[in-house]
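Trainee: First the structure, which I've put down as structure tokens, then a few questions once you've had a look.
Derivation of every value follows stated rules applied to the coordinates shown; laboratory data play no part. The shown structure was predicted, so the numbers you read here are calculated from the model rather than taken from an experiment. With ideal geometry, Cβ positions are generated from the backbone for all residues, glycine too; neighbour counts draw on all protein chains shown.
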Amino acid sequence: MKTKVNRAAGRLRRDPMSFPQKEFDLIKEGTISLVIVTILIIAVAALWGAPYRPAVTNQSIAQQNPVLMEQSALNDLDGTSTMASYGPPYNNGWNGSAQSIQSLGGFAPQTWWGTPYAVNTAKDDVITPLSMLAKAGDNSALSTALATYQSASPAQQQKWDNNLNNALAKATVQNGLPVVPAGNYGPVALMMQDELMMAQSGLLSGALTRETNNGVYRWNVQNNLLFLQGTALHQIAGQINMKGEQWGINHDEQAYPGPWWLTPYTFLYQIPPYNTIAAGDEAAAYSVGILFVLLILLPWIPGLNRLPRVLPLYKLIWRDWYKRDRSNKKVDKTTLTKKGLA
Amino acid sequence: MNWTTAVRKRASEQLTWDKLLPSEQPVYVSSLVYSFGVFTLSTLLIVIMSGIIMASKGPLWYQVSGVGEFFRSIHFWSVQGFFFFMTMHLVGQFFMGSWREGRSFTWVLGALSFGVGVVTAFTGYLSRGDFFSQWNQVQAKDAFNGAGLDGFLNILNNGQVYGLHIVVLPTILILLVGWHLLQVRRLGVVPPYPEKGEQEGEVR
């Protein structure tokens, strides 16, 4: 018995319909499969639920770690936070310098789009929210502090910022507020204390997302997410092994499976040069992109497209067929249709 | 040329009912590996159904309601099942060299489905609304920005991420999977490699 073979253009094209056939019920098989996985999934969902850890709020950070909250705000004000000098798509760095643009040999796609999601951390995260607070509370002391700070020279501003930054590193906490030694902090000490108290009250999140969607439908939470993205979130993520160097996104809460299918991507973050170079994210993204293109084009890649033929696993998958073929057994005629039998 | 006639002629020639809804299949289709494809489809169906129910109640429901949490759990586990079976299907088809004999494009569609599935699931993780979303959202921004995708996608804009997750990406995924399925049914399941010593094409 020979199957129908098409050798057009020197390529093997065998018609599956010309092989011996057996009975098959597509709809029944599909239905049985659907019923089995539905029952299993509902059972597992009912038994184990799904992972969920509430999001971290500015309010909770401000209440649990007031020093960290003031440091986060101060670094946004003085331009030393990551976001202050991030570069595109948020800004062009702090005062046009100190950008952290990812670039591989001058290839920096991060810069292609300009700064469509503009962020000025000092203005967006500190000055404007505090101005709103001062106006809402008719707080003349805060209004004066803001005016003093904004009219001071950059050198003076930096001096106050640095002094308070150094003091906060040694601060103690009393009644939920950092206590620092007396020093030359200018208006910054009051500004940071009010920012902290606004966060403790729960109002800071709303103030950070005030401008998105014209202030009503706040689907874009960019600035709120970015405010905590530095030390605050890293500390919490580190405690539950979710930082990049801890295989981050690859695993979920405790015993729950995470998005394990990202393993090849996450793996790159564990090895050099990806975990050592500044453009590690860009390098990882393009490496995975290239691997994915290779996967798509596998049928045309010489060597790789013949690999399964060299590996013996196909013999295991089709063992029944080869056994039947070798012994030239007559297959039970009741399971075969006449079609395809020579 | 009449386009309608041409499409009808091509469809009626290549997509016959015998191929679309077969009641028989080649005897070489005899392995557990073949069930991974249908299990992948089954789990995808549950992903879509649970997703539709969740989308109809909005993105807060599954964070504050017990019933919502149950459907979120179904969604979560069906996604896990989907990726498990899809990965097994991919690995199995690789070892079978299933792109052979005119099936390269079927492989391409399957691989694309896998890639789109990964991105769809990722936007889902960012739509969970918990610390996992929050943390991975701020982390992922560096990857998306570094790759140069920032101009299209603001990964910190939940409205955009949620829209991509519930409409745009699933639509692309369903179209790709549907096309992949049509290709599989049109061309049939790839025959086994000819045995060694056997002339290529002289398959007994």
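Trainee: What are the aspartates and glutamates whose alpha-carbon lies under 18 Å from the alpha-carbon of B:Lys9, with same-chain residues fewer than 8 places away excluded?
Mentor: B:Asp18
Trainee: Moving on to the next point. Which aspartates and glutamates have a Cα lying under 19 Å from the Cα of A:Lys159, excluding residues fewer than 8 positions away in the same chain?
Mentor: Within the straight-line cut-off, A:Lys159 pairs with A:Glu70, A:Asp76, A:Asp78.
Trainee: Still on this structure, please answer the following. Please compute the net charge surrounding A:Val119, taking Lys and Arg as +1 and Asp and Glu as -1 over other residues with Cβ under 13 Å from its Cβ.
Mentor: Numbers: positive: A:Lys123, B:Lys141; negative: A:Asp76, A:Asp124, A:Asp125, A:Glu211, B:Asp150.
Residues near A:Val119 contribute -3 overall.
Trainee: Separate question: Stretch A:Leu316-A:Ala118 to full length: gain in nm at 0.36 nm per residue minus the Cα-Cα span?
Mentor: Working: separation 198, 0.36 × 198 = 71.28 nm, distance 5.77 nm.
This chain segment gains 65.5 nm when fully extended.
Trainee: Let me know the charge dipole size of chain A about its Cα centre in debye, to the nearest 20, where only the beta-carbon of Lys, Arg (+1) and Asp, Glu (-1) is charged. Mind showing how you got there, number by number?
Mentor: On the way: 28 positive and 22 negative charges, 725 e Å.
The dipole of chain A has a size of about 3480 debye.
Trainee: Taking the Cα centre of segment A:194-269 as origin, sum charge times position over the Cβ atoms of Lys and Arg (+1) and Asp and Glu (-1), and report the length of that vector in debye to the nearest 20. Walk me through the intermediate numbers first.
Mentor: On the way: 3 positive and 6 negative charges, 27 e Å.
Using only the charged Cβ atoms, the result is roughly 120 debye.
Trainee: At what distance in nm do the modelled label points of A:Glu211 and B:Ser12 sit from each other, each positioned 7 Å from its Cα along Cα→Cβ?
Mentor: 6.3
Trainee: Right, another one. By how many degrees, between 0 and 90 and to the nearest 10, does the Cα long axis of helix B:3-14 differ from the longest principal axis of chain B?
Mentor: Long axis of B:3-14 versus the principal axis of chain B: about 70 degrees.
Trainee: Work out the length of the dipole vector of chain B about its Cα centre, built from +1 on the beta-carbon of each Lys and Arg and -1 on the beta-carbon of each Asp and Glu, and round it to the nearest 20 debye.
Mentor: 420
Trainee: Still on this structure, I have one more. Across segment B:63-77, in residue order, what do the Karplus-derived ³J(HN,Hα) couplings come to in whole Hz, using 6.51 cos²θ - 1.76 cosθ + 1.60 with θ = phi - 60° and x for Gly and Pro?
Mentor: Running phi through 6.51 cos²θ - 1.76 cosθ + 1.60 with θ = phi - 60° gives 9, 10, 10, x, 5, x, 5, 5, 5, 5, 5, 4, 4, 4, 6 Hz.
Trainee: Now a separate question. Compute the distance in nm between two label points, each set 7 Å from the Cα along the Cα-to-Cβ direction, one at A:Ala43 and one at A:Val179.
Mentor: 6.1
Trainee: Partner chain Cβ atoms within 10 Å, averaged over the residues of A:116-126 - can you pull that number for me?
Mentor: On the way: counts 4, 8, 0, 0, 0, 0, 0, 0, 0, 0, 0.
The shielding value for this peptide is 1.
Trainee: A follow-up question, please. Could you work out how far apart the two model spin labels at A:Ala155 and A:Arg306 are, taking each label as a point 7 Å from the Cα in the direction of the beta carbon, and quote it in nm?
Mentor: Once both label points are built, they end up 7.4 nm from each other.
Trainee: Straight-line reach only, C-alpha to C-alpha below 16 angstrom: list the aspartates and glutamates that B:Lys57 could link to, leaving out same-chain residues fewer than 8 apart.
Mentor: B:Glu69
Trainee: Next up: Filter the cross-link list A:Lys22/B:Lys19; A:Lys123/A:Lys170; A:Lys28/B:Lys19 down to pairs whose alpha-carbon distance in this structure exceeds 19 Å. Walk me through the numbers before you get to the answer.
Mentor: Numbers: A:Lys22/B:Lys19 14 Å; A:Lys123/A:Lys170 27 Å; A:Lys28/B:Lys19 16 Å.
Pairs exceeding 19 Å: A:Lys123/A:Lys170.
Trainee: Could I ask something else about it? With point charges of +1 on the Cβ of Lys and Arg and -1 on the Cβ of Asp and Glu, referenced to the Cα centre of the protein assembly as shown, which listed residue (B:Leu164, B:Asn154, A:Val180) lies farthest in the positive direction of the dipole?
Mentor: Highest projection toward the positive end goes to B:Leu164.
Trainee: Right, another one. How do B:Ser50, B:Ser56, A:Ser18 rank when sorted from fewest to most other Cβ atoms within 10 Å of their own Cβ? Can you show the working numbers first?
Mentor: Details: B:Ser50 24, B:Ser56 8, A:Ser18 19.
Starting with the residue having the fewest Cβ neighbours, the order is B:Ser56, A:Ser18, B:Ser50.
Trainee: Whole-Hz ³J(HN,Hα) for each residue in segment A:140-157, computed from phi via Karplus 6.51 cos²θ - 1.76 cosθ + 1.60 with θ = phi - 60°, x for glycine and proline: what do you get?
Mentor: Result, ordered by residue: 5, 4, 5, 4, 5, 4, 5, 5, 4, 5, 6, 8, 6, 6, x, 5, 5, 4 Hz.
Trainee: Let me ask something additional. Rank the residues B:His180, B:His75 as a footprinting-exposure proxy: fewest other Cβ atoms within 10 Å of their Cβ go first. The partial results should precede the final answer.
Mentor: Working: B:His180 21, B:His75 24.
The order, fewest Cβ neighbours first, is B:His180, B:His75.
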